[in-house]
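One structure is given here, and the rest of the page talks about it.
Derivation of every value follows stated rules applied to the coordinates shown; laboratory data play no part. Computed from a prediction, not measured in an experiment: that's the story for all the values here. Positions of Cβ are generated from backbone atoms using ideal geometry, with glycine treated the same way; all protein chains shown enter the neighbour counts.
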Amino acid sequence: MFDITSGNKMIQTMDQALTLASKRQAFIASNLANLDTPGYRTKDFSFEGALKSAVEGQISPTSLTTTHAMHLQGSTSSSLPASTDALKPNAERNDGNDVNLDRENMLLSRTQGAYQNASTLIQVELRKLYLLIREASAH
Amino acid sequence: MSIKQILDIASTGMAAQRLRVQLIAANIANSETTRTKEGGPYRRKDAVFASKDLGFAGALANAGVRIAGVKTSQEPFLTRFEPGHPDADPDGVVSYPNVNPVEEMVNLTEASRAYEANIAVVRAAKAMATSALDILRVQ
């Protein structure tokens, strides 16, 4: 018996993408909540970079020790990249706050789109598996 | 679960902006008030924002926002020459609150835009949660 979903590269990658997109959305929520907080600096991380390192980490995972052939490997949970570098081009206001409403709004919908893309791709993969199982059981 | 984090962060932003609108409403309502409990005309009140620790790990440690305090403006009162007014001084000059309606309107617009930005975050988080649930609908 093998795990039909964790053996699937697409589902695994999109799983990471879902996690990272929702994490990034939390950063955007924080930036928008602190729109008027003096001295607050924009928090963000590179979605592409984080996904890339998550996927690369998947290829050579720090695997769990398994003492039995039936043990699950367990997916390596990608830890959030901690860097929250200040954005260079952002003009800082008089109160030391550098949140840009337009940038955050744009990122909000873009990240939402990325999340929905990833979830749709997972759904497509699962539908393929479902059709496969249904075809097999029909005969 | 990051979707819950997103909603928590956005709700602190909404609460902070709502209190700010309440203060603006008080300022506009009292723009002609010459008698207060503390004595003298009404003084303009303004919210001071500060970031808030919601107990999230890593870079999201200070993700929320809170009202650190309400600042009472010490700017000079507006004066008008109204000798018949019961609160006029011996020279016939009445001190009116240091509320500038134009400033209040600008702040009101800013606060409601910031509130809307937080609403947009909530809406995005809801759409993401829905699309994640859609993964279950394979057939």
inquiry  = Which residue is nearest to the other protein chains (Cβ to nearest Cβ), if the candidates are limited to region B:84-120 and must be out of contact with any Asp or Glu (no Cβ under 9 Å at 6 or more places or on another chain) and among the β-branched types (V, I, T)?
reply    = B:I119
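Hey, could you check region B:23-48 for residues that are among the polar types (S, T, N, Q) and surrounded by 17 or more Cβ atoms within 10 Å (Cβ to Cβ) and say which is farthest from the chain's Cα centre (by Cα)? Before the answer, list the steps.
Here is the first cut: in region B:23-48, the ones among the polar types (S, T, N, Q) are B:27, B:30-31, B:33-34, B:36.
Adding the requirement that they be surrounded by 17 or more Cβ atoms within 10 Å (Cβ to Cβ) leaves B:27, B:30-31, B:34.
Working: B:N27: 11, B:N30: 16, B:S31: 17, B:T34: 24 Å.
If we take residues in region B:23-48 being among the polar types (S, T, N, Q) and surrounded by 17 or more Cβ atoms within 10 Å (Cβ to Cβ), then B:T34 is farthest from the chain's Cα centre (by Cα).
Within 13 Å of chain A (Cβ to nearest Cβ), buried (at least 18 other Cβ atoms within 10 Å of the Cβ) and over 22 Å from A:L101 (Cα atoms): does that describe B:S51? Reasoning before the result, please.
Numbers: within 13 Å of chain A (Cβ to nearest Cβ): yes; buried (at least 18 other Cβ atoms within 10 Å of the Cβ): yes; over 22 Å from A:L101 (Cα atoms): no.
The answer is no for B:S51.
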Region A:1-51: number of residues that are buried (at least 20 other Cβ atoms within 10 Å of the Cβ) and of a type in the set (G, A, S) = 8
task = Return a yes/no flag: does region B:18-28 have any residue that is free of Cβ contacts under 8 Å to residues at least 40 places away in the same chain and either touching a Leu at 6+ places or on another chain (Cβ under 7 Å) or among the β-branched types (V, I, T) (or both).
result = no
request  = Mind listing whichever residues of region B:40-68 are over 23 Å from B:P101 (Cα atoms), in contact (Cβ under 8 Å) with a residue 12 or more places away in the chain and among the aliphatic types (A, V, I, L, M)?
outcome  = B:A50, B:L54, B:L60, B:A63, B:V65, B:A68
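Residues checked against (1) polar (S, T, N, Q); (2) on the phi < 0 side of the Ramachandran plot; (3) surrounded by 15 or more Cβ atoms within 10 Å (Cβ to Cβ):
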{"position": "B:A88", "(1), (2), (3)": "no, yes, yes"}
{"position": "B:R113", "(1), (2), (3)": "no, yes, no"}
{"position": "B:V122", "(1), (2), (3)": "no, yes, yes"}
{"position": "B:T130", "(1), (2), (3)": "yes, yes, no"}
{"position": "B:L133", "(1), (2), (3)": "no, yes, no"}
Condition met for B:E75 (among the acidic types (D, E) and more than 8 Å from every other protein chain (Cβ to nearest Cβ)) = yes
remark   = Okay, strands (runs of 3 or more DSSP E) sitting entirely in region B:57-136 with 2 or more residues that are over 18 Å from the mean Cα position of the chain (by Cα), I get B:78-81, B:93-96
task = Would you check which residues across region B:81-134 are under 15 Å from B:A25 (Cβ atoms) and aromatic (F, W, Y) and list them?
result = B:Y115
